[in-house]
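First up is the structure itself, then whatever we jot down about it.
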Amino acid sequence: MSALLEVEGLKTHFFTRAGVVKAVDGVSFSLAEGEVLGLVGESGSGKTVANFSILGLVDPPGRVVEGSIRFRGEDLVGAPISRMRKLRGRDIAMIFQDPMMTLTPVLRIETQMVETVLAHEKVSAKAARDRAIDVLARVGIPSPAERIRAYPHQFSGGMRQRVAIAIALLHKPALILADEPTTALDVTIQGQIIAEMQKLVAETGAAMIWVSHDLAVVETIADKIAVMYAGRIVEYGRSGDVIGQPAHPYARGLLDSIPSRTTPGQHLNQIPGMAPSVLHLPPGCAFQPRCRFADAACAVPPPIVDTGEDRWARCVRPLAPEAAL
Amino acid sequence: MTPRPPHVALERVSKVFTRKPDFAERIAISLGWPEPPIVRAVDGVSLAVDHGEALGLVGESGCGKSTLGRIVAGVHAKSGGRFEFEGREEADWSTAEAKRARLDIQMIFQDPMSSLNPRKRIADIIGEAPVVHGLVQARDREDAVAALMREVGLDPDYARRFPHQFSGGQRQRIGIARALAVQPKFLVCDEAVAALDVSIQAQVLNLFMDLRERRGLTYLFISHDLGVIEHLTDRVAIMYLGRIVEVGPTREIFAGPAHPYTQALLEEAPRIGRGRRVYAPLKGELPSPLAPPPGCRFHTRCPYVMPVCKIEAPELKQIAAGRIAACHLNDK
């Protein structure tokens, strides 16, 4: 499989009055055709900014200061806006946490979907409408031919997210960027959307980056997982490897924090302290002040260490795999 | 010796939300237009929480779990039914009893930012209520606040700060300290960890477990997160559209749910370590609480639906020791 997307040393900084916020500070990964990458991290870890950087959606005072984002070999950093407009929605689609970020409340679903089709293709309005209805049916909206006439507020939260997914799929994108698409939904509706996305990714062969704070959700859908902390990927590997045998102490701490992995009633193995402000990162390893394995060696920026086949961790001393985890 | 009555007992409690029609609507109604719709957020719920017990309340948005929690905490008045505190019905409370019951049950909210006054210092947020209620002398206030802050894991040096100067996890700790200030025995936690990051959530959950041990607290823990519920509670009640569909010991329900809705919830909640799997989700949407379906409210989405489910609402029946469920499947 060739790489569809190659992100190299990406740095997105925000130049605020209080100082430079290094939201994304040296992120590298690659994504093969049809591969699903789960980008996991807590709030402020830079996962959403990394995703937005790919589509060129970072607004001032933020900008990409370094690195490259190669999509099918073409560098998107510094690409003209006209070029980005061609790619957005056609080759790279985005699904947001809140579907109302995708949908305008004042237009019918039909108008919004037809417009999206016509933005990239010269087809008749009739053909565009037929395609919209077809895609709505594929994401599981009942009686799409009638429902397409509705306004966004006439749909429930789960249905709106389906419409947003349908709009993302209108042009058969090669890459879908999903930013916490199920976080705002109820458990049973979240299950429906995950099932729908699993099916669609398998059918269309699209690659996807699924940003989430929820490791359990990511595990169900991703081939690879990248764990972010303070603007950097601290661990990367196959989904089963990272969840089963985390090598970075932060990834391990995150997993230990999930209640269902500990015997009910037992104390959770918590990570002490809280995430550092990205304005004042500690020197060396950013996780060092909270890490129970930290020592003098952690005062310098940690190297990237291969921890197995197709996986690595940014840690001086990655954890050895444990049999009983 | 007579057995000690439950800490809090609800009997067929309901809560109806109505909207008063405005002037134009009153004219329209007098001309034969329909009255504004009413919402039965909680519909005939019976539930008892024993002293020192941690009861979980689970359900999806709009199922009435928060409303029920607010009725228990005294934030909402119930529309019908009985509310007993240590065996005494609310209507029979003397002024002293009412005060004791209200102080004894405290609530912790989901969003600490909207439940903490942004213009007050932490010392005032935590220290005001116990002084007003005469639990702490005004001159001892500072010490009491410092002790409470230490108990929830905050540095007492920060007592002069304002809520916005704290992180989300710390703000939640402030909310917990404020609730503890009036020496309650019963905490209603409404999605108290839902807004927190995983690593911070673990810290706050540990705090809840410590407090329970140290102060012998009773918990009503409302959450949509089944992992949290499984970890923290002894018993769990599952709600769907204003009604309780199943109650039982947490461990038994997680091992073998009886109600089809509980089964679906447990099946669909993503849980770590299950690997990649294909979802077979529950079909359909949550019906609107404005127009709940007749009969069993779950019948529109139930994979085992029978003709009787569409007509007759199932009663909560005992299905095993300490376990009840409302489903017609159990009648056979």
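The values are calculated or read from the model by the stated rules, or taken from the named source; none is laboratory data. Small disclaimer: the values here were computed from a predicted structure and weren't measured. Accessible surface areas use protein heavy atoms only, side chains included; no ligands, DNA or RNA. Shrake-Rupley method; radii C 1.70, N 1.55, O 1.52, S 1.80 Å.
Semi-axes of the equivalent ellipsoid of segment A:188-325: what are they in whole Å, largest first, if each equals the square root of 5 times a C-alpha gyration tensor eigenvalue?
28, 18, 15
So which residues of segment A:181-207 lose at least 10 Å² of accessible area, probe 1.4 Å, when you go from the chain by itself to every protein chain present?
Those residues are A:Asp186, A:Val187, A:Thr188, A:Ile189, A:Gln190, A:Gly191, A:Gln192, A:Ile194, A:Ala195, A:Gln198.
Between A:Pro99, A:Pro60, A:Pro144, which gets the highest mean-square fluctuation from a Gaussian network model of chain A, Cα cutoff 10 Å?
Evaluated over chain A, the most mobile residue of the options is A:Pro60.
At a 1.4 Å probe radius, which order do B:Tyr158, A:Tyr236 fall into by accessible area, largest first?
Ranked from most to least accessible, the order is B:Tyr158, A:Tyr236.
Tell me what the protein assembly as shown gives for mean residue ellipticity at 222 nm when only DSSP H runs of n ≥ 4 count, each as -39,500 (n - 2.57), the sum divided by the residue total, rounded to 500 deg cm²/dmol.
Only helices count here, giving -9000 deg cm²/dmol.
What order do B:His51, A:His13, A:His280 take when sorted by accessible area (1.4 Å probe), most exposed first? Kindly include the intermediate steps, with their values, before the conclusion.
Details: B:His51 55, A:His13 20, A:His280 135 Å².
These residues rank, largest area first, as A:His280, B:His51, A:His13.
Using protein chains only (no ligands, no nucleic acids) and a 1.4 Å probe, work out which residues of segment A:226-268 have their accessible area cut by at least 30 Å² relative to the chain alone.
Residues meeting the cut-off: A:Ser257, A:Pro259, A:Ser260, A:Pro264, A:Gly265, A:His267, A:Leu268.
How many percent of the accessible area of chain A is carbon or sulfur, using a 1.4 Å probe?
Answer for chain A is 54 percent, counting heavy atoms of protein chains only.
Taking the DSSP beta bridges in segment B:8-240 as the whole, what percent of them are antiparallel, to the nearest 5?
DSSP beta bridges in segment B:8-240 are roughly 45 percent antiparallel.
Excluding ligands and nucleic acids, what accessible area in Å² is computed for B:Arg26 using a 1.4 Å probe, to the nearest 10?
130
How many square angstrom of accessible surface are buried between B and A, both sides summed, with a 1.4 Å probe and rounding to 100? Before the final figure, lay out each step's value.
Numbers: alone 17310 and 15200 Å², together 28970 Å².
So the total buried area for this chain pair works out to about 3500 Å².
Send over a whole-number figure in Å² for the accessible area per residue of segment B:8-240, probe 1.4 Å.
Roughly 44 Å² per residue, with all protein chains present.
Taking only pairs that are 8 or more places apart or on different chains, how many Lys pairs in chain B have Cα atoms under 28 angstrom apart?
Summing the qualifying lysine pairs gives 25.
Between the alpha-carbon centers of segment B:103-149 and segment A:100-147, tell me the distance in whole angstrom.
One Cα centre to the other: 53 Å.
Starting from the Cα gyration tensor of chain A, take the square roots of the eigenvalues, sort them a ≥ b ≥ c, and report rounded, prolate or oblate (rounded when a/c is under 1.5, otherwise prolate if a/b is larger than b/c, else oblate).
Verdict is prolate for chain A.
Roughly how many Å is it from the Cα centre of segment A:3-54 to that of segment A:279-295, as a whole number?
20
Would you list A:Thr183, A:Thr188 from the most to the least accessible area, probe 1.4 Å?
A:Thr183, A:Thr188
Which one, A:Leu87, A:Leu118, A:Leu175, has the greatest fluctuation when you compute a Gaussian network model over chain A with C-alpha springs under 10 angstrom?
Looking only at A:Leu87, A:Leu118, A:Leu175, the largest GNM fluctuation is found for A:Leu118.
With every protein chain present, what accessible area does B:Val75 have (1.4 Å probe, heavy atoms only), rounded to the nearest 10 Å²?
The accessible area of B:Val75 comes to roughly 80 Å².
Compute the Rg/Rh shape ratio of the protein assembly as shown: radius of gyration over Kirkwood radius, all on alpha-carbon atoms.
Answer for the protein assembly as shown: 0.98.
I need the shape label for segment B:8-240. Rule: rounded when a/c is under 1.5, else prolate if a/b > b/c, else oblate, with a, b, c from the alpha carbon gyration tensor.
In terms of gyration-tensor shape, prolate.
With θ set to phi - 60°, apply the Karplus curve 6.51 cos²θ - 1.76 cosθ + 1.60 along segment A:98-110 and write out the HN-Hα couplings as whole Hz, x wherever there is a Gly or Pro.
Here the 3J(HN,Hα) series is 9, x, 6, 6, 8, 9, 8, x, 9, 10, 5, 3, 4 Hz.
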